[in-house]
1. Using a Cα-Cα cut-off of under 28 Å, which lysines could be cross-linked to C:Lys71, ignoring same-chain neighbours fewer than 8 residues away?
2. Build a GNM of chain B with springs between Cα atoms under 10 Å: which of B:Gly230, B:Gly144, B:Gly26 gets the top mean-square fluctuation?
3. With +1 assigned to the C-beta of every Lys and Arg and -1 to the C-beta of every Asp and Glu, and no other charges, what is the dipole magnitude of the protein assembly as shown about the Cα centre in debye, to the nearest 20?
4. Counting each DSSP H run of 4 or more residues in the protein assembly as shown as -39500 (n - 2.57), what helix-only mean residue ellipticity at 222 nm follows after dividing by all residues, to the nearest 500 deg cm²/dmol?
5. For chain B, set up a GNM with springs between Cα atoms under 10 Å and report which of B:Pro173, B:Pro137, B:Pro223 has the largest fluctuation.
6. Taking Cα centroids, how far is the range A:210-233 from the range B:178-246 in Å?
7. Roughly how big is chain B's charge dipole about its Cα centre, with Cβ charges of +1 (Lys, Arg) and -1 (Asp, Glu), in debye to the nearest 20?
8. Could you work out the mean count of beta carbons from other protein chains within 10 Å of each residue's beta carbon in A:141-149?
Amino acid sequence: MSAAATGSGAQPFMQTIQDAFASALHLMISLNAGLIEIVLLSLRVSLTAVLCAALIGLPLGAALALFQFPGRRFAAILLSSLMGMPPVVVGLIVYLLLSRSGPLGVFGLLFSPTAMILAQIVIVTPIIAALTRQLVEDLWSEYREQLQSLGCGPRRAIATLLWDGRFSLMTALLAGFGRASAEVGAVMIVGGNIDHVTRMMTTAIALETSKGDLALALGLGIILIVLSLGVNGAAFVIRDLTGRHP
Amino acid sequence: MIAAGNGRDGASILPLRLEGVGYAAGGQMRISDIDIELAAGPRTIILGPNGAGKSLLLRLCHGLIQPTAGRVQWRGSGAALRRRQAMVFQRPIMLRRSAAGNIGFALKLRGLGRSERREQIAEVLRRTGLSALAHRPARVLSGGEQQRLALARAWALEPEVLFLDEPTASLDPAATRAVEELVQSIHRSGTKIVMTTHDLGQARRLADEILFLNHGHLVETGPAAPFFAGPATPEAAAFLKGELTW
Amino acid sequence: MVTLSRRIFLAAALILTAFAGTAWAGDRFITIASTTSTQDSGLFEYLLPIFTKKTGIEVRVVAVGTGQALKIGQQGDADMLFVHDRAGEEKFVADGYGVKREPLMYNDFIIVGPESDPAQIKGDAKAVDAFQKIAAAKASFASRGDDSGTNRMELRLWKQAGVDVKAASGGWYKNLGQGMGATLNTAAAMDAYTLADRATWSKFANKQHLALLVEGDKKLFNQYGVILVNPAKFPKVKVADAQAFIDWLISPEGQAAIAGYKIGGVQAFFPDHDQPGA
């Protein structure tokens, strides 16, 4: 995917947009092998990260909502603040951890998709956990007396409330996916943007931008948006299907 | 099949004794000096104007709140206490599942196996006239249907004592009637009924004995018929005439 | 009760998991830390497949600024370096992080700027003179500012020109902290002068009103070196395969391959392993 070295005079905005749509269309229709490779990698990394973040974040958020312990309020504030952690900072920290000179260097994970997944897990988990915490707190305040009457205490309520709030939680997961698939700072640092190995949609866009091929970069961006639409669309279809048969 | 609550464990938890029970919140005594005994048999109605403390008293009896003064003393102790009671609230609390699923949830908490649950659910839905709605999402049912479902759920647990907190306050006359008939059926099957209401007509229809509360104090208690014919205290008299200001 | 909705959720979760899969491949590869300008020039896309086809060794390139590349080497996260900063490279070896510096090739830097050329530097033979003129005219200058080889070259030129760019930073001198491509984008957008390597410039697709103004000064030659990361310090370094790549690069075959890379029909890099003083 390289570009011609033309350029005398600035390209008008609309021309660039047109070129972007043209290259996006062309790439998609021709099923460009390079494109498919980075699309699959992007999906793999982000979906895996969201799945793992959910496995951690859902019970974590629920537990924070249901159990009383000293420092509970501080934990909730901390969790909310972590949602705003700059991804590039997370990337730096994960890099130092995974580096051969770092504590986890022995696993040799740096510059691999696994490293990118780990970084994205760190970024996405606070989002899912914080949103889950709020949702479960609201549900618990609604259900608490009836559940206690039935003999269901906080511990047994975790699974029940998570299932009951599944539609709102799905939105939380989609928010997490959005963050993961749009992220470029952390995956650049821990992944290295290595061709055919760790190059994803976002890092490819950054690369093409730095090469000056703005139309192609924008075209890739359009494809990324289409991808996101696809994932969200699938989620809503699932939601509709299950909505009719609870 | 649906019999009295003492079918399960064998030992009755009645009579319930409240000795000097009081509850303070926010520096104020909301309810005080409650001395009552609730025995098996008669349908007990807790009567009084809004803000008298009826709901609070019910929650203290059921153990959802701990008294700040005095004791709530059942006969026996341990797990049996929770298992042999059930409660229905003013607004029915249903999980995002089918009608049958909500009943199944309660039964599963009690440890019933799948086929046992299925039988019990079918029976209790039949008794409450809700069989046709078994697989509908509980939340789309009407207010009256949901409250009957709540009663069905409680009945399925075969409780020895059933607490009801103003169960018909948000229902129309037809639904109210259906609920009252169900309460009577449940009573006939051997469950002790303890219910609050501010509706005089309902009290007249359902009560065997009356506990009259006002401003957090137990003002008058006794069998229903003499109470309605000629109350002993001026407050009760004023309430019956509809003249009690709060 | 396993309801239909639960089944659908389960299916979705399973598909998700299947997607996850394992994250690491078992192929034979080395990791090299190089610079963004080298990557942006397209050299690797051309050169690496030749080597891989011959040896079956995959070469993974992490392209960052020279400062960061050296740091990655110091952390032991790469098997070798492929950079263009002689002083930095020699220090790397002297400090024990690298085994030996092999000179590899050079390309040259050029000064580009707005067609209108407010500082009147077009055609100047000496880069230092051009820099002095730019400073005197207080014309906009975009610096990479990222401690890269290009950046270090640029700062050396300013020093020789006797200009204090720290003082000017924020005014006509824009210190960006970006790679070559990003810096060119910015220079194009704000009609600024900048120092660029010829290869990236040739490939750059967003020139707008920028033009090549100064070239050919020997001071602008950009020497590349390759260094094997020291396995004594970092046992995990893939010595055999990385050394194989280095050996190939400096061999006549590798040097010829480098010379064969053209941008727009023009040779971009000039192999000089065997030339004295490289």
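1. A:Lys211, C:Lys91, C:Lys100, C:Lys159, C:Lys166, C:Lys174, C:Lys203, C:Lys219, C:Lys233, C:Lys236, C:Lys238
2. Looking only at B:Gly230, B:Gly144, B:Gly26, the largest GNM fluctuation is found for B:Gly26.
3. Computed about the Cα centre, the dipole is about 2020 debye.
4. -16000 deg cm²/dmol
5. Most flexible of the set in this elastic network: B:Pro173.
6. 70
7. My answer is approximately 1240 debye.
8. Partner-chain Cβ atoms within 10 Å, mean over residues of A:141-149: 6.
Each reported figure results from applying straightforward, stated rules to the coordinates on display, with no laboratory input. What you are looking at is a predicted structure, and each value in this text was computed from that prediction instead of being measured. Virtual Cβ from ideal backbone geometry, glycine too; neighbours counted across all protein chains shown.
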